[in-house]
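Peer 1: Attaching a single structure in structure tokens format; questions to follow.
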Amino acid sequence: QVHLVESGGGSVKSGGSLRLSCAGSGYSFSGYAMGWFRQAPGKERTFVAAITGNGARTYYDDSVKGRFTISRDNAKNTLYLQMTSLKPEDTAVYYCSRSAYRLAVDLADFDSWGQGTQVFVSS
């Protein structure tokens, strides 16, 4: 059974940093691309960043490019999202998910979502 567990969320001031983690189990972690999405209150879930199974390629939404870094450690079956220069508009629940595609950005191309971790950025 596929299981994804996010952690590392919290409350920070504008300009601060956080590192999110996503532990995967129940499947061949390195065999899947991974992605981070976020959902603000009352809004749809949107793409943040994605990474290929071997970590060689990454892709970011323009809103986080240059501030967020996605990475993975396949030996630890863990996905990361390093977030810096955080802004109040980054406040959301952050979710990780896997994709059978080599590199995907569309919500429909991902499955097996985690429960999410809350990030709150105050001004």
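The values are calculated or read from the model by the stated rules, or taken from the named source; none is laboratory data. Remember, predicted model here, so these are calculated numbers, not experimental data. All Cβ positions, even for glycine, are placed from backbone atoms using ideal geometry, and neighbour counts span all protein chains on display.
Peer 1: Residues in the stretch 1-27 that are among the small types (Gly, Ala, Ser), touching a Phe, Trp or Tyr at 6+ places or on another chain (Cβ under 7 Å) and in a loop (DSSP other than H, G, I, E, B): how many? Walk me through how you get there before you give the answer.
Peer 2: In the first step, residues of the stretch 1-27 are kept if they are among the small types (Gly, Ala, Ser); the result is 7-11, 14-17, 21, 23-26.
Okay, now just the ones that are also touching a Phe, Trp or Tyr at 6+ places or on another chain (Cβ under 7 Å), so 9, 11, 21.
In the following step, the residues that additionally are in a loop (DSSP other than H, G, I, E, B) were identified as 9.
Qualifying residue count for the region: 1.
Peer 1: Follow-up question, since we're still on this one. What number goes with the only condition from (1) buried (at least 19 other Cβ atoms within 10 Å of the Cβ); (2) of a type outside the set (Asp, Glu); (3) in a strand (DSSP E or B) that residue 104 does not pass?
Peer 2: (3)
Peer 1: Of the conditions (1) under 14 Å from residue 7 (Cα atoms); (2) more than 13 Å from the chain's Cα centre (by Cα), residue 117 satisfies every one except a single condition; which number is it?
Peer 2: Here residue 117 meets the rest and fails (2).
Listed here are the residues, each with its yes/no results for (1) at pLDDT 95 or above; (2) surrounded by 15 or more Cβ atoms within 10 Å (Cβ to Cβ); (3) of a type in the set (Ser, Thr, Tyr).
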| site | (1), (2), (3) |
| --- | --- |
| 17 | yes, no, yes |
| 24 | yes, yes, no |
| 28 | yes, no, yes |
| 34 | yes, yes, no |
| 76 | yes, no, no |
| 94 | yes, yes, yes |
| 108 | no, no, no |
| 116 | yes, yes, no |
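Peer 1: Quick check on the stretch 74-95: of everything there that is of a type in the set (S, T, N, Q) and part of a strand (DSSP E or B), which residue is farthest from residue 61 (Cα to Cα)? Explain how you work it out, then say what you get.
Peer 2: First, the residues of the stretch 74-95 that are of a type in the set (S, T, N, Q): 74, 77-78, 82, 84-85, 91.
Checking the rest, the ones that are also part of a strand (DSSP E or B) come to 78, 82.
Values: 78: 21, 82: 14 Å.
Selected residue: 78.
Peer 1: Let me ask another. Based on this model, can you work out whether residue 88 counts as in contact (Cβ under 8 Å) with a residue 60 or more places away in the chain and either under 12 Å from the mean Cα position of the chain (by Cα) or loosely packed, with under 14 Cβ neighbours inside 10 Å (or both)? If you could, list the steps in order and put the result at the bottom.
Peer 2: Details: in contact (Cβ under 8 Å) with a residue 60 or more places away in the chain: yes; either under 12 Å from the mean Cα position of the chain (by Cα) or loosely packed, with under 14 Cβ neighbours inside 10 Å (or both): yes.
Criteria met by residue 88.
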